[in-house]
Amino acid sequence: MTQGSAAARAADSVELLHDLHRDVSALTFPLEIPGVDGEREAKERVLTQVASHLLPRIAEQGTPAVVVLGGPTGAGKSTLLNSLVGREVSPAGVLRPTTRRAVAAHHPTVHSVPLRDLADSVASAAIPPGVVLVDAPDLDSLERANRSAATRLLAAADLWILVTTAARYGDMIPWSQVIRARDRGLQLAVVLNRVPGAARKQVRADLTERLDQIGLGNSPLFLIPDVGPHEGLLAEEQVADLREWLRAATGRHQARGIVRRTAAGACGALSESVGGLVAGVGAQRAAAARLRTETLEGLRGPQADLAYAIETGQCAAGAPTTRWETFAPAGMLFAPFSIPGSRASTTARAITDRTIALMRLATDVEGAIVTLLADAIHDAAGSIHREWRAASALHLLEDPEPVSAAGARERAERAVEEWQHEVDRILDSEKVTALASLTDPTGVSALVVAAVGGVGGASVAVSHFLSREVTSAARDALLGAARHAVGATAEPYLKALRSVPDASVEERLAAHARQLEDLT
Ligand SMILES: Nc1nc2c(ncn2[C@@H]2O[C@H](COP(=O)(O)OP(=O)(O)OP(=O)(O)O)[C@@H](O)[C@H]2O)c(=O)[nH]1
Ligand SMILES: [Mg+2]
């Protein structure tokens, strides 16, 4: 590869990694579905790897290699760092776990110390210049914060010195982490602490074989003999081999080699991790689609029942019909509506009385419609809410409380009021001359409301004096208003689902994963 194309490639990689970092930072996994904790952690890992590991390495060729001392609590990681530095820079102790904040030791000539956000840095001339040696919190910690800090440090490492003890290495080595590190090209060395003299050979053979099984048999292995109860720094001769190897392996030249190798390996592993995030987004979207279907399903029953009641003219058939019939006989106020050709009183007094009677009738009808609609809204809200609670998704809502009975009633009242205006608009374009001598315009409108509500006599009167179309137009308007009012119950839920990443996010991440694959 020519120098020019190498530079172009590095520039492309930097741009790709910046884009990836931006897109992954913005990524959310809002729905609590199986595996989501893993996705959220994977997101953090990817961010650390890109920001603390890959970008600095690609941008600055002179970055020191990051060597992380990682392993179980009490294995002697802090003691080892202190012994290599020659003074206590990271407190070692008997309390488990001891180290909670990582310490990064580096040569005083190293100015751009990586991992500033993850570790406190300490300058020491005892550390070779090409390396930053990091004492990490315990990897398999019972403490979540320690576990996560250690995992993030390993994500940013070029070389991992796995520190463990002879007594516990069998069960205490976090093998899954070792395998993951191997897969992203991270170099491994193992320090086995407190090895009893007699067991030396046996333990070395056993551990080498285990490492061999996962393709890491060539990893350097350092055995530190057991010196009995011990506090403070280890004697120089106990760490001399490790110091020498570290110096040789991470001299400036080799350090760059480690860095390059891990960066290439890391791009492959990163591509896989991003692929995992893509799958995670897919799972979120599938869950959101299910929840959306269930939400709309919650509307369906109440909307259908309501539409049936309106279409069949049953929504206000009871009391209002009785009231109509009280005024319908000959000589009564509604007689001219009920008995074609009957002589109607058209005095101003009779018109006012008739109008008032019609308005009372309409109030009854509207009251019945409001109750029906409020019940439908409340039912729909209740069933949608139950689905969301079962899916543990209520936290996505601005207001996690379902619509109350009073709230549903208020919405229903507003919708019916709106509908009434719509009825007036329908009547605006009708000729109402024949009715004008019998009642005021409010009475005409009330007559239509009663007709839609299912008062048979009112229906007949509207057909006779106006047209059949007026009732059906007003009924259609009520159907629309009712459907809309019930449908509005789902709106905050559907809006909340917009926080789930959409297909474009999934596609962009998948494209990044493919491009990363090309970089390896
Ligand atoms: N005998 C013996 N004791 C050691 C050795 N290394 C560390 N210790 C002791 O073991 C205890 C734990 O050592 P640390 O260095 O704090 O262990 P660590 O791995 O840093 O532990 P965490 O910070 O909790 O992850 C301390 O009391 C040390 O003095 C060793 O090589 N031999
Ligand atoms: Mg420690």
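The values are calculated or read from the model by the stated rules, or taken from the named source; none is laboratory data. Because the structure is predicted, anything quoted here is derived from the model rather than measured. In this analysis, Cβ positions are derived from the backbone assuming ideal geometry, glycine residues included, and neighbour counts consider all displayed protein chains. Note: accessible area is taken over every heavy atom of the protein model, side chains too, but ligands, DNA and RNA are not part of it. Shrake-Rupley method; radii C 1.70, N 1.55, O 1.52, S 1.80 Å.
Just a few scattered comments:
- Matching residues, the stretch 119-128, being within 16 Å of ligand 2 (Cβ to nearest atom) and surrounded by fewer than 18 Cβ atoms within 10 Å (Cβ to Cβ): D120
- Any hit, the stretch 267-281, residues being free of Cβ contacts under 8 Å to residues at least 12 places away in the same chain and either aromatic (F, W, Y) or touching a Ser or Thr at 6+ places or on another chain (Cβ under 9 Å) (or both): no
- Scanning the stretch 77-99 for residues that are open to solvent by 70 Å² or more (accessible area, probe 1.4 Å) and within 8 Å of ligand 1 (Cβ to nearest atom) turns up P91, V94, L95, R96.
- In summary, R389 fulfils each of the numbered conditions (1) assigned to a loop (DSSP other than H, G, I, E, B); (2) open to solvent by 40 Å² or more (accessible area, probe 1.4 Å) with the single exception of condition (1).
- Test for L153: is it within 30 Å of L55 (Cβ to Cβ), in contact (Cβ under 8 Å) with a residue 60 or more places away in the chain and either out of contact with any Ser or Thr (no Cβ under 6 Å at 6 or more places or on another chain) or within 16 Å of ligand 1 (Cβ to nearest atom) (or both): yes
- Selection within the stretch 100-116 - within 14 Å of ligand 1 (Cβ to nearest atom) and open to solvent by less than 40 Å² (accessible area, probe 1.4 Å): A102, V103, A105
- Qualifying positions in the stretch 4-23 - modelled with pLDDT of 65 or more and either of a type in the set (K, R) or assigned by TED's automatic domain parsing to the domain that holds H53 (or both): R22
- Conditions (1) among the basic types (K, R); (2) in contact (Cβ under 8 Å) with a residue 24 or more places away in the chain; (3) closer than 24 Å to S383 by Cα; number of the one not met by R323: (3)
- Residue count for the stretch 318-341 under the criterion of being among the aliphatic types (A, V, I, L, M) and not in a loop (DSSP other than H, G, I, E, B): the result is 2.
- Subset tally (residues that are more than 18 Å from G282 (Cβ to Cβ) and part of a loop (DSSP other than H, G, I, E, B)) for the stretch 12-67: 5
- So A102, is it in the same structural domain as D140 (by TED's automatic domain parsing) and within 14 Å of ligand 2 (Cβ to nearest atom): yes
- Of all the criteria given as (1) within 16 Å of ligand 1 (Cβ to nearest atom); (2) on the phi > 0 side of the Ramachandran plot; (3) within 32 Å of the chain's Cα centre (by Cα), the one not satisfied by G74 is (3).
- Residues satisfying the stated conditions in the stretch 406-430, i.e. of a type in the set (A, V, I, L, M, F, W, C), farther than 19 Å from G487 by Cα and without any contact (Cβ under 8 Å) to a residue 24 or more places away in the chain: none
- When the test is whether a residue is closer than 24 Å to I33 by Cβ, assigned by TED's automatic domain parsing to the domain that holds A496 and either hydroxyl-bearing (S, T, Y) or surrounded by fewer than 13 Cβ atoms within 10 Å (Cβ to Cβ) (or both), H421 does not pass it.
- Candidate set: the stretch 129-141, residues that are open to solvent by less than 10 Å² (accessible area, probe 1.4 Å) and away from ligand 1 (no atom under 15 Å from the Cβ); chosen: the one nearest to L81 (Cα to Cα): V132
- Taken as a whole, the stretch 176-193 holds at least one residue that is free of Cβ contacts under 8 Å to residues at least 24 places away in the same chain and under 15 Å from L154 (Cβ atoms).
- Matching entry among A490, A477 (being within 17 Å of S429 (Cα to Cα), within 47 Å of the chain's Cα centre (by Cα) and open to solvent by less than 40 Å² (accessible area, probe 1.4 Å)): A477
- Within the span defined as the stretch 245-258, one or more residues are open to solvent by less than 50 Å² (accessible area, probe 1.4 Å) and either modelled with pLDDT of 85 or more or outside the structural domain of R182 (by TED's automatic domain parsing) (or both).
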